Amino acid sequence: MSAGSILFAVAALLCIVGALATVLSKNPIRGAIGLLTTIVGIALLFLKLAAEFLAAIQLIVYAGAVVVLFVFVIMLLGPDAGSKETPPGKARFSRWFSAFGLVALSGTALYLLSRGQQTLTPLPAVTPDHGSTEAVGGLLFNHAIVPFELATALLIVAVVGAIAVARTKPRRRRAVPEGHEGRRLFGGPLHPRDAERPLVKEPAE
Amino acid sequence: MNALGGFVEHYVLLASVLFTIGAVGFVARRNALVQLMSIELMLNAVNLLLVAYNRAHGEVMTGQLFAFFIIAVAAAEAAVGLAILLAFYRLNASVHSDEADALKH
Amino acid sequence: MDALAKAFPPGDFSLLAVIVCLPLIGAFVNGVFGKRLGKEAVRLMALSAVGISFLASIVAFLLLKQAQTGSDAVRFSWTAYEWLRVSGRHDIGSIPIQVAFSLDALNATMALVVTGVGFLIHLYSTKYMDTDPSFHRFFAYLNLFIFSMLVLILGDSLPVLFVGWEGVGLCSYLLIGFWFDDEKNAAAGKKAFIVNRIGDFGLLVAMALLAYHVGALDWVGIEGGRQNLLNPVKLWPIGNAVPLSNVLPAGAAEWLNTPRYATGASLVGFALFLGCAGKSAQIPLYVWLPDAMAGPTPVSALIHAATMVTAGVYLVCRMSAVFVLSPAVMFTMATVGALTALLAASIAFVQNDIKKVLAYSTVSQLGYMFLGVGVGAFSAGFFHVLTHAFFKACLFLGAGSVIYQMHKRIHDTDASQDMRNMGGMRKYMPYTFATFAAAWVAIIGFPGTSGFFSKDEILLKAYTNSIPSPIEGGKITQLTRQGEQTIMELFQWPTWGSKFLFALGILGAVMTAFYMSRLVFGIFWGDFKGWTIKKKWKEPAHDDHHHHAYDPTEKLEGPTPQESPWEMTLPLVVLGALSIGAGFLNAHVLHIHPLDNWLLPVFDSAAKNVTVAEGGTAFVLACGVSAFAIGTGGAYYVYMVEKGRPARSFVEQFPRLHQWAYNKWYVDEAYNEAVVESVVSLADTANQADKYVVDGIVAKLTAFVVQLAGSGLRLLQTGRVQAYAAMMVVGVGGLGWFLFSPHANAKTVGDASAGNYEVVAAPGFGYAYRWDADGDGNWDTENFGEQMRVNLAVERGETKTVRLQIKNAFGRIAERSVPVTRPKADLSPGGVTTIQVEQDPDGTVRGVVPGLNAPPRPRRDNAPTPARPTFRPVQPPLPPGQPGAGGPQ
């Protein structure tokens, strides 16, 4: 086993274990840690695939921003973030049907692929600057400047949109369903489910 | 070179497994937080595939560029997704996506 | 003068822009800012806009007079910009439509009348409309009208004229309904607008026909290409045979399928005449004009007597070169004109509303003008337009002056216009009386006045003129397999036509003299019957005198009627003087006819198609004078000597006849029953069809089907995201199956003329290809490769088969054979088309495909158009009904 093989084995293991932890854990904070593990594993694989810049970006954006955001939200929600899986839940059939269907589909696809493929495709040698910050940066700013700028616009819009969706509007006092204060569609009309409930005046904030 | 990680197919296999785990997690779990994380898993799997194939055809770095933009989109998606999750929680006092059935009523 | 002539060269005569645009500016300023500017500013703006326009018209007229020395027509033109291009017939190419104005003898004179009379009436209106709260709106409309009218008469092509035509129609509608809070006025406005639409339809059709058959829409181009209008146009049957005619008896089918033709000139002429009949109130479209008197009196004077309603006559004069090519149209026009004159006069006999009498008198005089232009006496008809503008404007303004005074005490529109309430006004309103009398002697044809000369000229020409067939022998023949056959016979001017038209004209003249005298005697002689005159009467104080209704039985008391102020009498005096004196512009009896000489070049080409018989001058003169004498004398006897007793006994004897005439022969009612009611019932039917057929079957059935499908599909719409995700998984499975199966698709591209073909395989996910290009059953290569296309050469009429195998990423293989056939006959264009490029003397470059030989378009400049082949009318060069039948080769 060469060093590269060991690296791949470790990274792949990290990825799969992290992914399983993400999906299976009852506690979302554990899920977030699992996601972090997967991300680190993939960053390692990027390194092995001569994509240093992407590996760095992967760590900075995913580990540094996205996972941290998840953790923030989990903290905001507190105990409610936990999956209290009060059985039996709704739409069970659909969920399990989809899950099994997907596993079957990808399994079949992998099987058919392996059957049709007689030889493996080796990875050829690449130039030393392949995937370096310089090379990717040059490519980005010389050939992909328009998509790059569009990506910045997308991020701005996403940030503004996120604020717009998530912010708490200063609310006037108004009638709310008893015992379900705050249950309004985006601070607007009553939730249809609450149409029948008795209404009370909302307490002043 | 018969080593692990020396062939594209190894990465394809790993990416498929990761993607399937993510997809199953997305459809089978009810917790919207976990579902969002599953989406991240799937995006990562695709990124891995793109970089691997880019390595196999190493003359250009288009695959890496693609992965770069996917990371940007994923970041935006996570931000907006979590904002929607917060709003949803404020509405329903729950993070269970099967509670999101207002469309039906 | 020379400096002015240098400043405005004939080809770029921008003085026309000044004439046209000033009233538009006035309309804009008064319409938009008028309310804030106040009455004084509105008055100044309106008067100066029209006044300067009038002065500019005089300058333009003088420049034209200086330039027009010989017998050739001189035309000053000014092009603003090219508006659009319409495609003409295939051999003509596109026709440019330019916003261009031009000035020649005809419309220079007309512009003088429009701006001059317009200015006088503007001045009059400043007093007449003094107390109206919508003062600025009135003057905005009036200025807009002057602008539209100038566009109409100065436009250099039919589309520009049409813009003005619609513009004056709009202003007419706005001004008839000026006091729109009265339902009756609004209805009259709508009626005028809708009836005019029918005429506009004719004008539009005429434009399309001219564009198709002549290939030009400007005056020079139409006149230059008018010989094309002599070609026969097949009207019937549309296509080759009437559908289902084979089930009819043989005779009927043959009759039905016999081709019928008309000359292009007749079609264009009838369509144009429909337009003129609408605008100039001729049978059958005259009904709107009497109702149009609902507008303020100056409007009636300006629009519905002096200018707008003569636009139809102007158009006939303008298109005289086209009209004379169709004797059928000319005779129809003359007959319709004469009958209109009689019908309107018969109604005017019994009306009591003085504006109604004048309105029918206008219709009647317009009929005279059409009689004149219909017999080819274009300058006589136009001369009557001129004199009529003076005396009828004077009459209307005089009537307005009387009504203005009557309305001061009788606050009711109808009663203040009723001549039974007037009488003896000559004592109270001397200026009004004198000018009204001047116009009256003109209209009844008192020898020496303008009306006498113009009417006499029309009657003389009706007696002497006839329009010969423009084609020798009066028939159009065509060479067929059976030899030469006559396909259509042209209309011949009937031998009795001239006497018939003349008799109608004389009868009309007698009637005109009678009813106009009745009107004048009723207003100005006798005793005043409006109210009891009290010397020191004071109007009782009230806020809004329009409020309390007029009661005819109530005995009114009031002051002595007064003369109107100078703003109103000055225009009267000017117009009265012109009514008397303008006749010497064209007094043929005295051999003084400067107007005829002036207009001669304009009607030059039309005059060649008019036959004038010798003599008859003295006879016609005698008849005209006696018509005046009989009519006036009769009225004097009936209304002055016998104080109207014969008229009353006549009414008692024939009450039904009086009733019919008083109710305008029930024409409005007949139109209502025939046209309006049929439209209403059509609308009802459509409504029922919509309700039961469309709503019942189409809408309800569709809704039911959609509902059924919806209730089925609703079962799938659970509203749960997870269920949708599950369906997506099914879709992903389907997509996976598609990707898993190989698809061997290929398309063939190639050049049939060279025989080189290429078969290209469709790309796909991980595809590899192998080919059997030579069709020998063996694969060209054993292994699958990346070669996606093969080339092959195919002989004429040969078919080669190419086989293709595709292996996809899953190692699955699909096969397809692609047959490649080269057609036997060569469908590609053979040789290269050569285009000869020619250059006209004026520098225009044209490409000509040999063999097609498209005739050139008539050019816009004044030069004659020698390039167009001359037309030999007797034998049309091509059988009609074939493409290009109108274009002589």
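The values are calculated or read from the model by the stated rules, or taken from the named source; none is laboratory data. None of these values were measured; they are calculated from a predicted model. Glycine gets a Cβ as well: all are built from the backbone with ideal geometry, and neighbour counts include every protein chain shown.
With respect to C:Asp132, is the statement that it is charged (D, E, K, R) and modelled with pLDDT under 90 true? Please lay out each step first, then the result.
Values: charged (D, E, K, R): yes; modelled with pLDDT under 90: yes.
For C:Asp132, the condition - charged (D, E, K, R) and modelled with pLDDT under 90 - is met.
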* Asked: Can you tell me which of C:Arg714, C:Arg720 is charged (D, E, K, R), within 13 Å of chain B (Cβ to nearest Cβ) and touching a helix residue (DSSP H, G or I) at 6+ places or on another chain (Cβ under 8 Å)?
  -> C:Arg720
* What helices (runs of 4 or more DSSP H) completely inside the range C:1-70 contain at least 3 residues that are of a type outside the set (Val, Ile, Thr), more than 18 Å from C:Leu150 (Cα to Cα) and in contact (Cβ under 8 Å) with a residue 24 or more places away in the chain? -> C:15-37, C:39-67
* Some residue of the range C:338-352 being out of contact with any Ser or Thr (no Cβ under 9 Å at 6 or more places or on another chain), within 30 Å of C:Asn228 (Cα to Cα), buried (at least 24 other Cβ atoms within 10 Å of the Cβ) and not β-branched (Val, Ile, Thr) -> no
* Can you name the number of the only condition in (1) surrounded by fewer than 21 Cβ atoms within 10 Å (Cβ to Cβ); (2) within 14 Å of chain C (Cβ to nearest Cβ); (3) at pLDDT below 90; (4) within 26 Å of A:Gly161 (Cβ to Cβ) that B:His57 fails? -> (4)
* Condition broken by B:Met42, with the remaining ones in (1) more than 7 Å from every other protein chain (Cβ to nearest Cβ); (2) aliphatic (A, V, I, L, M); (3) not in a helix (DSSP H, G or I) satisfied -> (3)
* Being buried (at least 20 other Cβ atoms within 10 Å of the Cβ) and under 31 Å from the mean Cα position of the chain (by Cα), is that true of even one residue in the range C:520-527? -> no
* Which of the residues that make up the range A:133-167 are more than 14 Å from B:Ala76 (Cβ to Cβ) and more than 9 Å from every other protein chain (Cβ to nearest Cβ)? -> A:Thr133, A:Glu134, A:Gly137, A:Gly138, A:Phe141, A:Asn142, A:Ile145, A:Val146, A:Glu149
* To do: Would you point out which residue out of C:Lys499, C:Lys534, C:Lys555 is at negative phi, modelled with pLDDT of 90 or more and of a type in the set (D, E, K, R)?
  => C:Lys499
* **Odd one out for C:Tyr261, checked against (1) touching a residue at least 60 places away in the same chain (Cβ under 8 Å); (2) assigned to a helix (DSSP H, G or I)** => (2)
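Just for helices (runs of 4 or more DSSP H) wholly inside the range C:553-627: which have at least 1 residues that are more than 22 Å from C:Thr115 (Cβ to Cβ) and in contact (Cβ under 8 Å) with a residue 60 or more places away in the chain?
Numbers: elements: C:566-581, C:594-599, C:604-607.
In the range C:553-627, the matching helices (runs of 4 or more DSSP H) lie at C:594-599, C:604-607.
Would it be correct to say that B:Gln64 is more than 8 Å from chain A (Cβ to nearest Cβ), under 23 Å from A:Gly18 (Cβ atoms) and surrounded by 21 or more Cβ atoms within 10 Å (Cβ to Cβ)?
Details: more than 8 Å from chain A (Cβ to nearest Cβ): no; under 23 Å from A:Gly18 (Cβ atoms): yes; surrounded by 21 or more Cβ atoms within 10 Å (Cβ to Cβ): yes.
No; evaluated as a whole, the condition is false for this residue.
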* Restricted to the range B:1-32, and to residues that are of a type in the set (S, T, N, Q) and facing chain A (nearest Cβ under 7 Å), which residue is nearest to the chain's Cα centre (by Cα)? -> B:Thr20
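Yes/no per residue for (1) surrounded by fewer than 14 Cβ atoms within 10 Å (Cβ to Cβ); (2) more than 16 Å from C:Thr801 (Cβ to Cβ); (3) touching a residue at least 24 places away in the same chain (Cβ under 8 Å):
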| position | (1), (2), (3) |
| --- | --- |
| C:Pro742 | no, yes, yes |
| C:Thr748 | no, no, yes |
| C:Ala752 | no, yes, yes |
| C:Val759 | no, no, yes |
| C:Phe765 | yes, yes, yes |
| C:Ala768 | no, yes, yes |
| C:Ala773 | no, no, yes |
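Would you mind stating whether C:Thr435 is among the β-branched types (Val, Ile, Thr) and out of contact with any helix residue (DSSP H, G or I) (no Cβ under 7 Å at 6 or more places or on another chain)? Steps first, answer last, please.
Values: among the β-branched types (Val, Ile, Thr): yes; out of contact with any helix residue (DSSP H, G or I) (no Cβ under 7 Å at 6 or more places or on another chain): no.
No.
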* Please specify each residue of the range B:81-101 satisfying the condition of being free of Cβ contacts under 8 Å to residues at least 24 places away in the same chain, assigned to a helix (DSSP H, G or I) and charged (D, E, K, R). => B:Arg90, B:Glu99
* Quick one: would you say C:Phe162 is buried (at least 22 other Cβ atoms within 10 Å of the Cβ) and aromatic (Phe, Trp, Tyr)? -> no
* **All positions within the range C:777-807 that are within 20 Å of C:Lys824 (Cβ to Cβ) and either in a strand (DSSP E or B) or in contact with a helix residue (DSSP H, G or I) (Cβ under 9 Å, 6 or more places away or on another chain) (or both)** => C:Leu792, C:Ala793, C:Thr799, C:Lys800, C:Thr801
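So, restricting to helices (runs of 4 or more DSSP H) that lie completely within the range A:19-122, which ones have at least 1 residues that are within 14 Å of chain C (Cβ to nearest Cβ) and in contact (Cβ under 8 Å) with a residue 24 or more places away in the chain?
Working: elements: A:28-48, A:52-57, A:67-77, A:92-116.
Qualifying helices (runs of 4 or more DSSP H): none found.
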* Structure fact -> The helices (runs of 4 or more DSSP H) lying entirely within the range C:419-521 that contain at least 2 residues which are under 15 Å from C:Tyr368 (Cα atoms) and touching a Phe, Trp or Tyr at 6+ places or on another chain (Cβ under 7 Å) are C:430-443, C:450-464
* Please tell me if A:Thr127 is exposed (fewer than 13 other Cβ atoms within 10 Å of the Cβ), closer than 27 Å to A:Pro147 by Cβ and out of contact with any Asp or Glu (no Cβ under 8 Å at 6 or more places or on another chain). => yes
* Look at B:Leu50 and say whether it is in a helix (DSSP H, G or I) and either modelled with pLDDT of 95 or more or more than 7 Å from chain A (Cβ to nearest Cβ) (or both). => yes
* Asked: Of all residues in the range C:414-448, which are of a type in the set (Val, Ile, Thr) and either closer than 15 Å to C:Val357 by Cβ or free of Cβ contacts under 8 Å to residues at least 60 places away in the same chain (or both)?
  -> C:Ile443, C:Ile444
